[in-house]
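Below: one structure, written as structure tokens.
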Amino acid sequence: MTGTDTHSNAPIGVFDSGVGGLTVARTIVDQLPHESIIYIGDTANAPYGDKPLAQVQEYAKAVADELIARGCKLIVVACNSASAAFSDYARENYDIPVIEVILPAVRRATSTTRNGKVGVIGTTATVESGAYARTFDAHAGQIGSEVEVHQQACPLFVPFVERGITTGRQILGITENYLEPLKDAGVDTVVLGCTHYPLLSGVVQLVMGDDVTLVSSAEETAKTVYRTLSERGQLADTDPDREVTLSFESTGDPARFASLATRFLGPAITSVSQIPELLR
Ligand code: DGL
């Protein structure tokens, strides 16, 4: 076993193949603003979603080992493809909590669905791994319910999000194509099983219709981080004088990472002007 005993102000380590995991990091920052975070985007090896699982596991292991060496108290695998490839290994080999993105989304989707039919959209690696189907089965077995899972790989979604294209006829047509089998199957819940996909929730909701509930693995994972740190008594202290650090690093070109990152983390507010005319 590897890993370190850490105190509550140690950082949370978050990693992804690139920038997609920033949707998870952003939600953690919203819910846990006193936590320091080290985020690593493995952009030199991205994308993970079209690579064999064994290779993705090797990449994920190298990054997780680095985060543990830096004293992180908990690691978040903020990537569905890496979660599919690496979670079993991590559970067996690390003695700090490793939170992945699949189980939190499965739990939420299982409690959300009314007709027991759930769609999962993700990268080719995630869908072919069968990790969602297995996790749904295991979870349904534990709580004595049954869920019919319909999976759909959407390989064009990641490149479109990275090019900043989340509106327009082209992405609408692609989304309609991908989601047609899920609509035909009558799913009432769809898991956004890729950390890039929260940026496409507008078009996915438009195509699926308002009666279908979207579950974001990013949102659910951040809640699991909150619960895990609370239960372990490892939340950072809330002293306002303590420095909280958010560090973002990439294995590939940092300039490209930085320019894409703003799309995922949200633009910084650079200036605020006052409107004296509206003062009463
Ligand atoms: N972050 C990956 C995921 O959630 C998508 C990008 C990639 O293929 O590396 O599956």
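The values are calculated or read from the model by the stated rules, or taken from the named source; none is laboratory data. Bear in mind that the values here come from a model prediction, so they are computed numbers and not experimental data. Ideal geometry is used to build each Cβ from the backbone, glycine not excepted, and the neighbour counts take in all protein chains shown. Accessible surface is based on the protein model in full, side chains and every heavy atom, while ligands, DNA and RNA are left aside. Shrake-Rupley method; radii C 1.70, N 1.55, O 1.52, S 1.80 Å.
Keeping every protein chain in place, order T213, T228 by accessible area at 1.4 Å, biggest value first, i.e. largest first. Present the calculation step by step, with values, prior to reporting the outcome.
Values: T213 55, T228 25 Å².
Most to least solvent-accessible, the answer reads T213, T228.
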> By its C-alpha gyration tensor, with a ≥ b ≥ c as the square roots of the eigenvalues, how is region 199-280 shaped: rounded for a/c under 1.5, else prolate for a/b larger than b/c, else oblate?
Replying inline: rounded
>> To the nearest 20 Debye, how big is the dipole of region 47-188 about its Cα centre, given +1 on the beta carbon of each Lys and Arg and -1 on that of each Asp and Glu?
In response: 380
>> Run the count for the chain, please: Lys pairs, Cα-Cα under 28 angstrom, 8 or more apart or on different chains.
In response: 6
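For region 151-257, take N as its residue count and report Rg(C-alpha) divided by 2.2 N^0.38 Å. Spell out each step's value before the answer.
Values: Rg = 18.2 Å, N = 107, 2.2 N^0.38 = 13.0 Å.
That ratio works out to 1.40.
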> Quick one: length gained pulling T124 to S247 fully straight, 0.36 nm per residue minus the C-alpha distance?
Replying inline: 41.3 nm
> How large is the dipole of region 133-280 about the Cα centre if only Lys and Arg carry +1 and Asp and Glu carry -1, each at its Cβ, rounded to the nearest 20 debye?
Replying inline: 380
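Only Cα pairs under 8 Å and at least 6 apart count here; give the relative contact order of the chain as a rounded whole percent.
On the way: 500 pairs, mean separation 77.7, N = 280.
Relative contact order for the chain comes out at 28 percent.
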>> Below 8 Å between Cα atoms, with a sequence gap of 6+, how large is the relative contact order for region 111-214 in percent?
In response: 38
> Which of the trypsin sites (Lys or Arg not before Pro) across region 64-151 are loop residues per DSSP, with 15 or fewer other Cβ within 10 Å?
Replying inline: R70, R114
>> Which of rounded, prolate or oblate describes region 1-145 when judged by the alpha-carbon gyration tensor and an a/c cut-off of 1.5?
In response: prolate
>> Loop by DSSP (not H, G, I, E, B), at most 12 other beta-carbon atoms within 10 Å: where is the longest site-free stretch of the chain for GluC sites (Glu not before Pro)?
In response: 1-145
> Any idea which of T123, G252, G71 is furthest toward the positive side of the dipole for the chain, if Lys and Arg beta-carbons carry +1 and Asp and Glu beta-carbons -1?
Replying inline: T123
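Determine the order of R163, R280 by accessible area, beginning with the largest, at a probe radius of 1.4 Å. Walk me through the numbers before you get to the answer.
On the way: R163 145, R280 240 Å².
Largest accessible area first, the list is R280, R163.
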> Which trypsin sites (Lys or Arg not before Pro) from region 184-279 combine a DSSP loop assignment with at most 14 other Cβ atoms within 10 Å?
Replying inline: R232, R242
> Can you give me the relative contact order of region 156-279 as a percent, contacts being Cα pairs under 8 Å and 6 or more apart?
Replying inline: 22
> Cα extents of the chain along the three principal axes, largest first, in whole Å?
Replying inline: 63, 55, 38
